[in-house]
Amino acid sequence: MTERPSYILFITDQQRVDHLGCYGHPVLQTPNIDEMAEQGVAYDRFYVASPVCMPNRASLLTCRMPSSHGVRSLGIPLAHHNVTFVETLRAAGYDTAMIGKSHLQNLTDWPPQIEPRRYRKGYRTPPDELAQAIRSDLDNSDYQVERQPFWTRDDATAPTPYYGFDHVDLVLRHGTMNGGDYEIWLRTVAPEVIPLRGRDRQLPHEYVCPQAIRTLVPEEYYSTTYIADRACEWLEGRKGNSKPFFLMVSWPDPHHPFNPPGRYWDMYRPEDMVVPPAFLVNDWDPPEYVKIAERDRARDRTLGQKSGWTVAVSKREALEARALTCGMITMIDDAVGRVREAAQAADVVHNTVQMFTSDHGDHLGDHRLLFKGAEQYDTLTHVPFIWADPNGRQGVRCSALAQTIDIGTTILEHAKIEAPDGMHGQALSVAGGAERVAALIQYDTQRTQEAFGSEPRAHTIIHDRWRLTLYRGTCQNELFDLEDDPGEMRNLWESEAHAGVKYGLIEKLAELEVDAIDRVPSPTAQG
C-alpha cells in the first residue's frame, strides 16, 4: 500500500491576509511562511466562515457553517454531537495532535451579554428546562475544559480524544496571561516569571495605542515559544513511526494585546507602516458604525484598553498597532521555521502537507477602526491559506474562492478518506476538487450595539468582484466592488446603477443559505 500522507496545519489568531511577506506586506519579514508559499499553493481569495474565533474554529473542525454546528457566536461551546474531520482521520488510523489554542469551548466565566427575555404580565412562564426551544447540556462538566477553574485541579489535563485529538497541549487566552498546559509548565520551570505577566507589570514605552503592553516575560517563556517547543518535541518523537499523522499548531498571537516580547517589540517602526487609506482621504463619508465608534472614543479614551471589540483609533495608534502586530507575526514565523526543521529532522517532510491559515483578521486602523466587530470588511473576513504538498504543485498563486470549511474536506479528499455526510466544505483543486463559485460568511453576536441593534447578525456573500452583506438590525446593508474599490470605501447599496448586481447577489446568497441547511441526521425510515 502507498504510504499515506501526513499533515501539519499552522494556524494563528486574528491575522489578516495582507500581513505576510508572501501576501505583499512591504515591511514584514516572514521568510519561513514565505518559503511554504514558494513550495506550494497560496490562495489569494480565502475567506472565513465567520470572522470570530469560536465560530470559525468550530467551522474549521466540522467543515460546516455556524448555523449548522451551533457555535453561532462567542459563548457557545462546540457540542460533542458534532463530528469533526479530525475524528474521521483518527478513525482511519491517523495519529492526531493539537498544540496551542483550541477555543472550541468558553474561556471565561463572564455572564452572557444577551439581553434577558422580558416575560409579559399575566402569562405563565416556562420552567428553566423548557425556556429554550432546544434542550442543551452545554454548561455541564464536559464543556469546562478551557475555563480557568478546570486547570486549578492537581490532576488537570484535557480529556482525550478532545474533538478527535489524541494528544493535546492547551494554551488558553491571549497575551501573557495564558492558561492551560502552558501555565502549568511555566509554574514548574520558571515560577519567577509568573509575577511578570500582568499588564500592570511592564517595561516603560511611549506607545499610546490600546493594549500596547511591553511585557517583561522573556522570549523563551512566551507562549509562542512554548507552542513551538511542544510541537518540535512531538515531531521528534515520531522518528521511526510509520503511522500517518495530523498535527495542528495553533498560536494565540497576533491577537491583541499587542505585546511582542524581547527583541520583537521594537523590530518594526510605526513610521515604516502603511497608512490606512481612511486617514488619507478627505471625501470619505464613514458609515454610521464608524461615526458612533469615533464619538464614543472621543468621550472615553480608555475604550479598548481591556475590551476586544471594535474601537476607533487615530493614525498614530493604527501605525503602532501594525508595528507591534508585525513583531508578533515575525516571532510566529521564527517558530514556524523551528517546527519545519523538526519535521525535517524527524524525516517526515517527504510526505507531509504543511498548511498555514488564520481564524480571522483585524481592522488594524483600516476605516479608522481597531480589533473586530460586526463590521464585515475584508480586513476581518479575508485570511491567508497556504497548501504546501511536497508531491504537489509549487510556487502557484490561486485566485479561486475558498473558505475555512474547505480545509478539512480537502485534507480528507487528499488522504482518500470519505467525508461524513452533511459537511459543507468542498475539496479544493489541490486535492482534485472543484473550486468554489461563492463564499458564504455568517456573523452573530450577543451584544446589543447602538449601530447594529439588538443581537445583530450579518450574512455576507463574496462572489466574483463583489461583497454583499445583509445586516439584521439597524445597520444599513452593504455592497462593495472589491476590484474597483478594494479598500471598501464606497457603499453601492443605494446605487441605481448597481441594482441588478445587488438583486443577483441576494438571490445567490439565498441559494447558499439553502445549501447550508442541515440534511443530517439522515431519515431513519420513509416516514
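The values are calculated or read from the model by the stated rules, or taken from the named source; none is laboratory data. Predicted model, so just to flag it, every value in this text is computed and none were measured. When we count neighbours, we look across all protein chains shown, and the Cβ atoms used for this are built from the backbone with ideal geometry, even at glycine. The area values use the complete protein model at the heavy-atom level, side chains included, leaving out ligands, DNA and RNA. Shrake-Rupley method; radii C 1.70, N 1.55, O 1.52, S 1.80 Å.
Quick look at the numbers
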{"item": "Kirkwood Rh, Cα atoms: Rg over Rh of the range 421-490", "result": "1.08"}
{"item": "Computed magnitude of the charge dipole of the chain (debye, nearest 20; Cβ of K, R +1, Cβ of D, E -1)", "result": "1080 debye"}
{"item": "Dimensionless Rg/Rh of the chain - Kirkwood Rh, Rg from C-alpha atoms", "result": "0.95"}
{"item": "Residue order for 94, 221, 23 - accessible surface, 1.4 angstrom probe, largest first", "result": "221, 23, 94"}
{"item": "Greater than 32 Å apart at Cα, pairs in 239/416; 101/243; 243/372; 416/502; 121/291; 101/416", "result": "243/372; 416/502; 121/291"}
{"item": "Approximate spin-label separation residue 434-residue 117, in nm, with each point projected 7 Å along Cα-to-Cβ", "result": "4.2 nm"}
{"item": "Contact order normalised by residue count of the chain, Cα under 8 Å, 6+ apart, percent", "result": "25 percent"}
{"item": "Probe 1.4 Å, all protein chains present, accessible-area order of 502, 508, 416, largest first", "result": "416, 508, 502"}
{"item": "Amide H contacts under 5 Å for residue 436, placed H, 5+ residues apart", "result": "401"}
{"item": "Cα-based shape type of the range 217-360, given that a ≥ b ≥ c are square roots of the gyration tensor eigenvalues and the cut on a/c is 1.5", "result": "prolate"}
{"item": "Average accessible surface area per residue within the chain, 1.4 Å rolling probe, Å²", "result": "43 Å²"}
{"item": "Accessible-area ranking of 83, 501, 311, largest first, probe 1.4 Å", "result": "83, 501, 311"}
{"item": "Difference of contour (0.36 nm per residue) and Cα-Cα distance, residue 283 to residue 514", "result": "79.2 nm"}
{"item": "Gain on full stretching of the segment that runs from residue 307 to residue 490 - 0.36 nm per residue minus C-alpha separation", "result": "63.0 nm"}
{"item": "Derived scalar couplings ³J(HN,Hα) [the range 123-135; Karplus, 6.51 cos²θ - 1.76 cosθ + 1.60; whole Hz; x for Gly, Pro]", "result": "9, 6, 9, x, x, 3, 6, 10, 6, 10, 6, 10, 6"}
